[in-house]
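Report on the structure given below.
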Amino acid sequence: MKRLPAWRRGLGHAALGLAALIGAGTLAAGTAAADTTLNALFMKQAAYSEDDVRSMTKDFEAANPGIKVNLEFVPYEALHDKIVAAAGAGAQGYDVVLFDTIWPAEFAKNGFLQDVTGRISADDTAKVFDGAWSTVTYEDKRYGMPWILDTKYLFYNKDMLKKAGIAAPPKTWAELTEQAKIIKDKGIVKFPIVWSWAQAEAIICDYGTLVDAYKGEFYQDGKPIFDKGGSMDAVNYMEQSLKDGLSNPNSREYLEEDVRKIFSNGDAAFALNWTYMYNLANDPKESKVAGQVDLVPAPGVAGKTEASAINGSMGLGITANSTHADDAWKYIAFITSQPVQNKYAKLSLPIWKSSYDDPAVAKGQESLIAAAKVSIGLMFPRPTTPSYTELSNILQKNLQQILLGQVTPEQGMQTANTAAERLH
Amino acid sequence: MKWRRLIPQVLTYTAVIVLVISTVAPLLWLFIMSISSTPELTAVPLHWIPHQADFSRYGRLLTFAAHSAGEEFILAMRNSLAASFSATAVALLVGIPAAYSFSRMPGKRMKLLYAVLGTYMMPPVALILPLYMVFGALGLLNTVAALTIVYCTILLPFVTWLLKSNFDAVPIEIEEAARIDGVGLFGVLRHVTLPIAKAGLGTAALFAVLLAWDEFFYALLYTNDLRAKTLPVAIADFAAGRATDYGIISAAGILTAVPALVIAFFLQKTLIAGLSAGGVKG
Amino acid sequence: MGLSSRERQAWALLLPLLVIIATVTGYPLINTFRLSFTDASLTGRNVAQHWVGFENYAYVFTDPDFGDAFRRTLYFTFVSVGAEILLGVLVALLLNREFRGRTAVRALLVLPWALPTIVNAMMWRLIYNPEFGSLNALLLQLGLIDSYQSWLGTPGTAMNMVILADVWKNYPLVAIIVLAALQTIPRELYEAASIDGAGPWLKFWKVTFPAILGPLSVALVLRMIEAFKVFDIIYLMTRGGPADSTKSVSFFVYQESFAYLRAGSGASYAVTVTLTSAVMIAAYIMLLRRQSSTA
């Protein structure tokens, strides 16, 4: 082996050295612009399926190399617990969390979420439903982007109504009572209406829908008025429908899934439930009444409202502890963007007003879109107070006692009101 | 009078049959639910035996496809086994010497045993958040190690007390005889006490594994994904959310019980023999 | 010189246990105890905590909801542990007799106990389902009820149904412990009692009961502590409902700390629960000591 002349060796060494420097430089630059990992907390089998969320995330990662997102899905009941627990965990917690519309007040007051009002353009504000914004707003500040819009509709069994000789679904709650009576008297089904009145947030959603219909308010001049006006009318309606034998008494044990199962089994003519039930109740693999199910906005009250809707939406926010706020916002902006929302419109309706006029979005679910256009515009929020969880528990317990016949509606709501007054 | 001897026999067998039915029936029903379709389960009046047995859910739970129920189940099972067995191992390793000390060298230290038992009385709900913050700071969240540490604290009071009772029942004369022969403390433990208390050890181990296997709330809060999520949390996931399938929940339930049952059956023989060898004294 | 070598040995053997308990349980316990005297809330950013002395505890004793939860938990504890003891002893006595297939039946006994709580809770929820549960189906088909009942939806019944599910799972533990103790009783003692003319009832009290009292007490104390802090099965089966009728004290603590974010107040409830448990157990142990000294 002939030895290379010194100068060539020198050049070789220099080249090697340079290559090493460049390599190191790229490596350093690479690690400098290295992967940020975001931890995101979602809900299991919410409106979007896990697979949908994974696809959306993959699309985001493809468009944003250098950002990786870890996804975690938990049951709804655990969602609040996990956000609260993680608030104490510092940096190892979550960056992006899905939160229910009833939590921004509590989270804002306790400093769990970052204020993102400055990140949202006025343009976007105009393009999204006002009702949707109430999902993420507390004291005029925004704490996230609305993502899953949801409200309860009145589902009905077309065949049962036809059999009873009813031409059109009810527009008011009074009509609903009448139609239910007809169906019951004709022996079509024993308990025509089924609700989700278990001691859980679900009962507040049903109650809230009725309060909206009766144009009631929860608070007046900062004081609770649960035992007056629209709120009292709502409770009386619920109790009366049980007394009349029109509502399934087991409703007092049911959550939304139970309502869906009863309705899909053909054991109810009317049900109040979220968007997700529409496709499942019409799926022959899941339902005995597939093809017979339709929906309309929840009824109104003559002289007061045309329809009613409770805001059951969820939003995505950045946690206060997150050290990757900008990247987290990029992710949130991506999956709440109109193209992404339109793509997955089958499972959850978009927050963008113009999407509802898009024929691609409406395809295959025309009645849903028609109903949604009305309901989503109307969405009525539950009380926005930082002590909402406790308030809800007070209401849940008292409503249950009323519906179980342990106290009269007046007594129950007065107890609730007194307890609510003590909350600060 | 054969008659008189017959009545107790008949009563005994009747009682046994009632016992067996009441013990097995709910589980049998769980199994039937796991192989029935939802329409059959929601029929009224109820069909007790499904017309078509559907074993597909077991298939789904045991196949390892990405992001499937099977993957979640199998990995959760792995985590549960890891956490339960390591926690039990640590509990025994630490509990045996401690129990021996309490048993053979009592005195003022007995108060410590009661103190340790006292830590068992605090509701886990109260301890869970301070520990969460500590684990978070140490970077231990979402690890099997964190669960092992936490489970140790649940198992230790129980295991120590149980073992102490077992050791109390081992006759001290045998140990003293060995001591006279010049055997040291650990020698006595290893060659004399433990072999005699072997069955009691088995019992304590069984109780410990099952307690850890069972634990739900700590696992729910401290784990995020399949790197550490245990079976109880995974099953709660199946039962949550929309579109619940009773069949797969039941199948998951049966499969979760299986390892516990296997361990129990194995140790069962030693269990009865062991608890009786000297008995468990208060 | 200090401690004798035997004393030092004793401490050395205890050291690992004490270290683990002190570090892992000690810090949270002390933290909880300290928190109970403040008005701390669970916050993301550090919001000031103020020392409030015994204010939280004063509220604990006047809070009617906590009082209800307390009474309910006592009910749960005494009824479920009582049932477990009764069933456990009866079944152990049964399985101590001679009959064919005894080994198999003894093995079967492990089944309910080996079932994880979550599976147990789910299974019974499905069995109790008001619309298509198997309990309703069975009772209706046997003619014992005339319409499907809402077992977990009726305030009075719900707690009892939860107790049923819990007892079903846990009584084998008691049965196994007692059965083991029964096997240590020498046959001669029974024979001697027979010769003295004792009937079965007297035999039980004079021979059997004293022999099983020790092990039974271990089981009882353990089960009482666990029953008083019951949480998992309630979280999974009813979440405190219907109308709060199954809300146990642990669930109450959970609500205060996690749902309402009131860490200080939650801590005071937790400490109260622990002290109550300690008092109950201490009372029982003293009773036992008194009994064994007079026996």
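Numbers for the structure displayed
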read-out: A:Asp221 versus C:Arg71: modelled label distance in nm, points set 7 Å from Cα along the beta carbon direction; value: 3.8 nm
read-out: Peptide C:145-151 - average C-beta neighbours from other chains (10 Å radius); value: 2
read-out: Sites excluded, chymotrypsin sites (Phe, Trp or Tyr not before Pro) in DSSP loops with at most 14 other C-beta within 10 Å, longest stretch of chain B; value: B:65-282
read-out: Helix A:325-335 vs. chain A, principal-axis angle (Cα, 0 to 90°, nearest 10); value: 60 degrees
read-out: Fraction of antiparallel bridges per DSSP, the protein assembly as shown only, in percent to nearest 5; value: 65 percent
read-out: Neighbour count of at most 12 Cβ within 10 Å plus DSSP loop: longest trypsin sites (Lys or Arg not before Pro)-free window in chain B; value: B:109-226
read-out: Euclidean distance between Cα centres, region C:228-255 to region A:310-356, Å; value: 35 Å
read-out: Positive-end residue of B:Gly139, B:Ala82, B:Leu156, charge dipole of region B:65-278 with Cβ unit charges; value: B:Leu156
read-out: Charge dipole (debye, nearest 20) of chain B; +1 at Cβ of Lys and Arg, -1 at Cβ of Asp and Glu; value: 820 debye
read-out: Neighbourhood charge, 15 Å Cβ-Cβ cut-off, centred on A:Val374 and excluding it, Lys, Arg +1 and Asp, Glu -1; value: -3
read-out: Prolate/oblate/rounded call for chain B, Cα gyration tensor, a/c under 1.5 rounded; value: oblate
read-out: Cross-link pairs A:Lys152/A:Lys215; B:Lys198/C:Lys206; A:Lys58/A:Lys353; A:Lys82/A:Lys109 - those with Cα-Cα distance over 28 Å; value: B:Lys198/C:Lys206
read-out: Value in Å of the Kirkwood radius, where the protein assembly as shown supplies the Cα pairs that are averaged; value: 31.1 Å
read-out: Long-range HN-HN contacts of A:Asn39 with modeled amide H, under 5 Å; value: A:Asn70, A:Asp95, A:Val96
read-out: Between 0 and 90°, nearest 10: helix B:110-119 axis offset from chain B longest Cα axis; value: 20 degrees
read-out: Candidates per trypsin sites (Lys or Arg not before Pro) in region C:59-125, loop by DSSP, up to 14 other Cβ within 10 Å; value: C:Arg97, C:Arg100
read-out: Magnitude of the charge dipole, the protein assembly as shown, Cβ model with Lys/Arg +1 and Asp/Glu -1, debye to 20; value: 3160 debye
read-out: DSSP-loop trypsin sites (Lys or Arg not before Pro) across region A:232-293, with at most 16 other Cβ within 10 angstrom; value: A:Lys285, A:Lys288
read-out: Radius of gyration and Dmax over the Cα atoms of region B:73-224, both given in Å; value: 17.6, 56
read-out: Förster-model FRET efficiency, 30 Å R0, A:Glu178 and C:Asp146, C-beta, rounded to 0.05; value: 0.50
read-out: When each of C:Lys169/C:Lys229; A:Lys397/B:Lys229; A:Lys228/A:Lys373; A:Lys44/A:Lys228; A:Lys190/A:Lys285; A:Lys127/A:Lys346 is checked by Cα-Cα distance, pairs over 27 Å; value: A:Lys397/B:Lys229; A:Lys228/A:Lys373; A:Lys44/A:Lys228
read-out: Dipole magnitude of region B:7-141 about its Cα centre (Cβ charges: Lys, Arg +1; Asp, Glu -1), debye to nearest 20; value: 800 debye
read-out: Local net charge near B:His47, Cβ-Cβ under 14 Å (Lys/Arg +1, Asp/Glu -1); value: -2
read-out: Cβ neighbours within 10 Å from other chains - mean over A:248-260; value: 5
read-out: Whole-Å distance, taken between Cα centres, linking region C:49-84 and region B:133-166; value: 27 Å
read-out: Distance between region B:3-65 and region A:165-223 - C-alpha centres, whole angstrom; value: 40 Å
read-out: Over region C:77-175, volume per residue of the alpha carbon convex hull, in Å³; value: 123 Å³
read-out: Inter-probe distance in nm under a simple model that places probes 7 Å from Cα toward Cβ, at B:Leu62 and B:Ala178; value: 4.3 nm
read-out: Listed residues C:Tyr254, C:Tyr284, C:Tyr27, most fluctuating in chain C (Gaussian network, C-alpha, under 10 Å); value: C:Tyr27
read-out: Dipole of the protein assembly as shown, positive direction: furthest Cα of A:Gly93, A:Ile369, A:Gly291, with charges on the beta-carbon; value: A:Gly93
read-out: Solvent-accessible heavy-atom area per residue, rounded to whole Å², over chain C at 1.4 Å; value: 43 Å²
read-out: Anchor A:Lys184: lysines whose Cα lies under 17 Å away (excluding residues fewer than 8 positions away in-chain); value: A:Lys158, A:Lys162, A:Lys163, A:Lys243
read-out: For residues of B:93-103, the mean tally of beta carbons on other chains within 10 Å; value: 5
read-out: Charge sum, other residues only, whose C-beta stays under 15 Å from B:Val16's C-beta, Lys/Arg counted +1 and Asp/Glu -1; value: +3
read-out: Inverse mean reciprocal Cα-Cα distance (Kirkwood Rh) of chain C, Å; value: 22.6 Å
read-out: Restricting region A:81-186 to GluC sites (Glu not before Pro) in coil, as DSSP defines it, with at most 12 other Cβ within 10 Å; value: A:Glu139
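The values are calculated or read from the model by the stated rules, or taken from the named source; none is laboratory data. What you see is a predicted model; the values in this text were computed from it and never measured. Virtual Cβ from ideal backbone geometry, glycine too; neighbours counted across all protein chains shown. To get the accessible areas, we keep the full protein, side chains included, count just its heavy atoms, and leave off ligands, DNA and RNA. Shrake-Rupley method; radii C 1.70, N 1.55, O 1.52, S 1.80 Å.
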